[in-house]
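Beneath this line is the structure, given in structure tokens, with notes to follow.
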Amino acid sequence: MFGNLFNRPISLKNTQFSWLGSALLALSLSTLSHLQAAEQKLTAEQTEFFEKKIRPILTDNCYKCHSHDSEKVKGGLLLDTRDGLLKGGDTGPAIVAGDLEKSLLIKAVRYKDKDLQMPPSDQQLAANQIQDLETWVKMGAPDPRTTVETSQHSYKVDFDKAKQHWSFQPVRKPSIPDAQDSQNWAQTPIDKFVLATLSTKNLSPSQKADKVTLLRRATFDLIGLPPTPKEVDEFLADDSSDAFAKVVDRLLASPHYGERWGRYWLDLAHFSDTRGTQGNNRDERYPYAYTYRDYVIRAFNEDLPYDQFLIQQIAADKLDLGEDKHALAAMGFLTSGNRFNNQINDIIDDRIDIIGKSTMALTVTCARCHDHKFDPIPTKDYYALHGVFNSSTEPKEEPLIEKPRNSAAYQAFQTEYTARKAAAQEFRDEMGKKLKAEMIGKSGSYLLALNEYKRKTNDISRAAFLEKRGLNAQLGAAWENSLKNWEKRHNPIFAPWIAFAQLQPDEFASKAKDLSAMFYTNKEKGKPINPLISRMFSSAPTSLGQVAARYNSVFNDIEERWQEVMSGYEARKKNSTTPAPEPKGLSDTDQEQVRQLMYANGSPMLLDDQRLNAFINRENKLRNKRDELEKAVTELLVSHPGSPARASVLEDTEKPKDSVVFIKGNPGNRGPQVQRHFLTILSGDDCPPFRDGSGRLELAKDIASRNNPLTARVMVNRIWLHHFGEGLVRTPDDFGTRGDTPSHPELLDYLASYFVEEGWSIKKMHRLIMLSSVYQQSSDNSPRYDVIDPDNRWLWRQNRRRLDFESLRDTILAIGGDLDLTIGGKSVKLDAEPYSLRRTIYGFVDRKNVPNMFQAFDFASPDLTTGKRETTVVPQQALFMMNSPLVIEQARNVIRRVDVKSQPGAEARVKTLYELIYQREPTEIETRLAMEYLRSDATTEWQTNAAAAWAYGYGEYDASMHRTKLFIPMTTYAGRSWQPDSKNADARLKGMNLTPDGGMPGKLFAVIRRWTCPRDGFISIDGILNHPAKDGDGVQGRIVSSRLGEIGTFVAFKSQVPVRLPRLNVKRGDVIDFIVECRENPRNDAFKWAPIIKMEPTTTMAKDCVMEWNAAKNFSGDMQAKHLGTWDKFAQVLLETNELTFIN
């Protein structure tokens, strides 16, 4: 009864709660965890979150001590079933669904209670893992596990049954139905398929949409922008039969088409400009993420065949690209995702997820811990793909995708980059030497300490035990893991240590002599000892400490020898044009055997980035130094104009290898090895193993094959979705058995066949769909049909759709005349002042901190494959349209457009506004209401409150146009001054402010005190511009009118300059800007200037109207620059309507 309640949103619309209903709801919530244990119906999203985020954490970190397979279940707590998790252990339930503070599991992983820390203190979970657990508990701890999972894993998928599922059957091009069509409605094969289905449902298609609606629909669909008045006029005037076809062709040829449709692909690719959680305040930016975004835009614009588009994104490095290397940027598809604190298996999982969902709509990663519960994907298939990506690596330096021009900017970049990179590397080398000294120089100490720890009698943790001895807990864990592995089978280097370590202290002296003799003679059959190690026992040790010291000495000696070899190689490489190959090892085979153990993967003596970073992170001073040096390098790559474009790529490892199955997803519980191959369900029982390196190219070709039943179907369904708001399959990211079935299966297969036959051309698919009568239908509703088919599944009308965030923001900027239409380039921040005017696709996306305005309008999460965004209606959307500086400024700008201002009268201006915003003329009623509002003489706040007329900001003056180019409101009031956004760390804004009687300009931006005129009349302006500093070169002051341009300019240099304009004609809504900017020297530019504006009285003026505005006296922190003139407010209202934000 209650199960469904907790797994769907509760709508309060048209609902009245009685006190009894509220009490019942509270009672049901209080028993949530118990009810969930008994019954829990999960959504696909909840199941996926558990499988991708939670199960791996539990298997990797908890099952060893808290599962049915544990040798001893600690604390009575079982975490391998849902019931065990809710029941808890000796101290109570591990989780209380929905309540973080009452969940002991959350308390334990947070490490805030020294007596409750899990996993043990030297293995704390990463921050992103803790966050995932918190998110999971808050969402009700959805858990699909119903039975105990044992370590015995069987691979049983009924492939014969699975092949009957519609999406796994081959695509067969159906014959076009001969539907009854007395109205000659059908124009394309698409129409005949739809009409045939409508006939069986007793439905008829809707009438054709009017021409303006069609033009808006097509323009927003293909380029994400509104049509211009000129484009509307041309289309309305074109009466030819192919008028709409010409519109479609024009839009498909637009360079802005790729920006619109490229964004849809980025939604699938987990694209972001940042890596995600790195920890320790490290720079998380991807310097070259923008090159992948630009590649996607270019690929769509050029109509790159979709099969080649996929192959390039998975394996461009394996293709013969010739001189043009731009296609290498395609591999950002696999390298721009979340880095999960550098956990390699999570990174690989993310790459498999991206490929599986985006290209084939399969949830392959649900098979990471067990056979897929619903689809024919056994765990062995998952680890076959795991081997592909485990055999792929990222090069130390990204390849160039175009040859840098030998410009002054590039030369300056190279010089600075070399210096910053060298400084960062020098620091790491220095730290590496210190760590190496500890790893090898204290190797004996670690051996001895871990042996002592085994014999301890108290409950001190291993980390605390080691730290008391001045040793590193993480290195101690590495030593312990390695010793356990070396104990499993004879090890020619560590067999003696293992034997000596097993002796009890009181018997060491008596037995050490015999052991030493055995190892020294080195004659035990089948168990050879490395001669360097055997010679250590020419004399018997008197203690285990002596044995440890001897090992320490051998490791030190081998390290010194290897460093000598490498130093000699580096010296020769510098001094020779053809240096010898890099050394592969030491020439002495005995020494090399020891070196290989020291440098083997996982060896506690191997210096790698992870250990080096952990070593640096031990001290705040060192950590901050490293972060500072690395951020300096990244900042240069990201922002320097001479920084060349590079591609983030993968390449095959030198020795590709197959992966083993991780039982229950646990890397420590290894199952059988699996050859790298494609999904069995799509390649047959005898699927051939990949042989070409990692197998990425073979994988890409298998996905992009015309014989793959999923790839073409999935893509044409995605294209259809973005033209109709819903796909023919309404689960675009899941074509598996839990996904939707096609509403028109024959049509889907027809489109898939056409797509492949036409060379995988996406633009031809657009044309086919958009020239159909189905697409061109009206979206008007029919009450009778709505009862029969309320979801419009049978396509008897077009769907009304809301603009996504990108199109909405771009449209507002385009209407205001401010949109920057530059194609490509580095990402820019859209939510920080000064606000960028670029198209939204070029906005910087931080996967950990997606801007609030993005989230409010349902922007796709960069951590998920999102084929279809959610469409929500929340208050934040309305608040954004009412209060956002972006919307307010564009409302002002549209009124100041030349084509609006130049109109001869108010009615003509209203008509132009409607044409710009809605692409139509206003109705008679709309015109009458607009004129009544605009002619209203109602008293406004401006007329009675002097402070309301003032606004405070910063920006730029356009000397060529003699007008204010940019005005950005200051948003922080600090008691006696207005300042830019206090959260903005941009150094260019530092120090800028406006005070009651003056202020301070910035190095790059002027400060602007803005006055908005409340009514028509004549004013005078008085004041003194004062530069009181003894140094510097003075300040430049200007008075600029929005209607008249610059009306006064003044320079104050260590002086006071009178500023007076005796008489100036002003109109209601005119803006007067008092601009102060620095001159050549940006220092010592504090100034005083408090203008006084007086208006001449008239006989029609109300008695309580303000006549004087004194900048110093009116200065206030309560009123900020959101006061609009009558026309501005009218324009803003038009921008806030559904007619703008919804496409019919």
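Values as computed for the structure displayed
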read-out	value
Phi to ³J(HN,Hα) by Karplus 6.51 cos²θ - 1.76 cosθ + 1.60 over region 771-778, Hz, x for Gly, Pro	8, 7, 5, 4, 5, 8, 5, 6
Anisotropy class of region 946-1118 from Cα gyration tensor, a/c 1.5 cut	prolate
Reciprocal of mean inverse Cα separation for region 493-543 (Kirkwood radius, Å)	11.0 Å
Between region 468-490 and region 841-912, the alpha-carbon center distance in angstrom	57 Å
Cα gyration tensor category, rounded, prolate or oblate, for region 442-607 with a/c compared to 1.5	oblate
Pairs beyond 26 Å (Cα-Cα), from Lys573/Lys826; Lys631/Lys990; Lys965/Lys1088	Lys573/Lys826
Proximal lysines relative to Lys436, as straight alpha-carbon distance under 21 Å, when same-chain residues fewer than 8 apart are discounted	Lys468, Lys584, Lys621, Lys625
Hits among lysines - C-alpha to C-alpha of Lys192 under 18 Å, sequence gap 8 or more where chains match	Lys173, Lys201, Lys208
From the coordinates shown, P(r) over Cα pairs in 10 Å bins from 0, in percent corresponds to which of [x] 2, 9, 15, 17, 15, 13, 11, 9, 6, 3, 1, 0; [y] 2, 8, 14, 18, 19, 16, 12, 7, 3, 1, 0, 0, 0; [z] 1, 6, 9, 9, 9, 9, 9, 9, 7, 5, 5, 4, 3, 3, 3, 2, 2, 2, 1, 0, 0, 0	[y]
Region 552-568 versus region 1013-1031: alpha-carbon centroid distance in Å	77 Å
Loop-resident sites, region 368-451, for GluC sites (Glu not before Pro), counting at most 15 other Cβ within 10 Å (DSSP)	Glu397, Glu402
Mean Cα-pair separation over length for region 642-796, i.e. relative contact order, pairs under 8 Å, 6 or more apart, %	12 percent
Contour excess over end-to-end distance, with Cα ends at Arg489 and Thr871 and 0.36 nm allotted per residue	131.6 nm
Cα-based shape type of region 712-846, given that a ≥ b ≥ c are square roots of the gyration tensor eigenvalues and the cut on a/c is 1.5	prolate
Part-to-part distance (alpha-carbon centres) for region 507-537 and region 656-720, which is given in Å	50 Å
Farthest positive-ward along region 442-607 dipole, Cα basis, beta-carbon charges - from Ser445, Thr542, His490	His490
Nonlocal amide H pairs with Glu1046, under 5 Å, H built at 1.01 Å	Ser1041
Region 572-659: GluC sites (Glu not before Pro) in DSSP loop, at most 15 other beta carbons within 10 Å	Glu619, Glu654
Sites matching trypsin sites (Lys or Arg not before Pro) across region 368-405 that sit in DSSP coil, with at most 14 neighbouring C-beta atoms within 10 Å	Lys373, Lys396, Arg405
Dipole of the chain, positive end: most advanced residue of Leu251, Tyr551, Tyr952 [Cβ charges, Cα centre]	Tyr551
Given charges at Cβ of Lys, Arg, Asp, Glu: the chain dipole, positive-most of Ala179, Val787, Trp978	Trp978
Only Lys, Arg (+1) and Asp, Glu (-1) charged, at Cβ; region 442-607 dipole about Cα centre in debye	220 debye
Förster-model FRET efficiency, 35 Å R0, Thr923 and Lys965, C-beta, rounded to 0.05	0.45
Under 5 Å, built H, 5+ apart or other chain: amide partners of Arg1079	Gln1036
Gain on full stretching of the segment that runs from Ser778 to Ser705 - 0.36 nm per residue minus C-alpha separation	22.5 nm
Above-threshold pairs, the threshold being 21 Å between Cα atoms, out of Lys396/Lys421; Lys52/Lys657; Lys246/Lys763	Lys52/Lys657
Aspartates and glutamates with Cα under 15 Å of Lys373, excluding same-chain neighbours fewer than 8 positions away	Glu45, Glu48, Glu51, Asp143, Glu149, Asp158, Asp381, Asp734
Burial order of peptide ranges 480-487, 130-137 (average beta-carbon count within 10 Å, highest first)	130-137, 480-487
Whole-number percent relative contact order across the chain, with pairs defined as alpha carbons under 8 Å at least 6 apart	13 percent
Over the chain: helical MRE at 222 nm, DSSP H runs n ≥ 4 each giving -39500 (n - 2.57), nearest 500	-12500 deg cm²/dmol
About the Cα centre, charge dipole magnitude for the chain (Lys/Arg +1, Asp/Glu -1 at Cβ), debye	2080 debye
Amide proton proximity set for Gly89, modelled H, under 5 Å, gap of 5+	Ala94
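Each value in this text was obtained by applying a stated rule to the coordinates, not by laboratory testing. Just so it is clear, the model here is predicted, and its values are computed rather than measured. All Cβ positions, even for glycine, are placed from backbone atoms using ideal geometry, and neighbour counts span all protein chains on display.
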